[in-house]
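The values are calculated or read from the model by the stated rules, or taken from the named source; none is laboratory data. Model, not experiment: these values are computed from the prediction. In this analysis, Cβ positions are derived from the backbone assuming ideal geometry, glycine residues included, and neighbour counts consider all displayed protein chains. Ligands, DNA and RNA are stripped out before the accessible areas are found, and what is left, the full protein with its side chains, is counted by its heavy atoms. Shrake-Rupley method; radii C 1.70, N 1.55, O 1.52, S 1.80 Å.
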Amino acid sequence: RFCAAKKRLTEKEIQYFTNVDQNNHFAIVAVSNNEDGNEIGLGVARFIRSKDDPRRAEPAITVTDDAQSQGLGTLLARRLAMAAKERGIESFDSSVLGSNTKVIHLIKEVAPTSMFRRYGPDTVVSTKLFEDDKAKLMSAA
């Protein structure tokens, strides 16, 4: 995570973010067409499976400024959780800036049973992906 706006990615970062296997490193991209009919990116959700425990993964969601507060982050989070369950992932572990109230609210909305622990400026979040969540996520998406 970058924790701040980043104008450019390094070549190594570009390779890392674009070479996904859709199993251990999974990504969903949200796009739309602009007025000229060109495709523009609105957001991306991904998880990376833990090398130490293949039942766990670290999620990340990014939504462009113009597309925020319209439900896209929620939709991406729900779809990401569904994809993780389908690939045998049982829980998400993430670290969020404690001041990022939008993301904390999103996590509480999508996964109300998540556990939050504050460590300095960071909040560590553990989210179990329960068996019955898939049906809830499908009906809410």
Point-to-point label distance, residue 65-residue 115, nm (Cα→Cβ direction, 7 Å offset): 3.7
Round to a whole number: what % of the accessible area of the chain belongs to carbon and sulfur, probe 1.4 Å? 52
Estimated distance in nm for a label pair at residue 48 and residue 19, the labels positioned 7 Å out from Cα along Cα-to-Cβ: 1.3
So how much accessible area does residue 52 have, in Å² to the nearest 10, using a 1.4 Å probe? 150
Report the extension gain between residue 124 and residue 105 in nm, rounded to one decimal, defined as 0.36 nm multiplied by the number of residues separating them, less their alpha carbon distance. 5.4 nm
Whole-Å distance linking the alpha carbon centroid of segment 47-101 with that of segment 15-36 is 14
Just how many pairs of Lys in segment 11-138 have C-alpha atoms closer than 16 Å, counting pairs that are eight or more places apart or on different chains? 6
What figure in square angstrom, to the nearest 10, would you give for the accessible area of residue 75 with a 1.4 Å probe? 70
Taking amide H positions as placed 1.01 Å from N in the peptide plane, with prolines and chain starts having none, which residues 5 or more places from residue 98, or on another chain, fall under 5 Å of its amide H? 122, 123
Average accessible surface area per residue within the chain, 1.4 Å rolling probe, Å²: 66
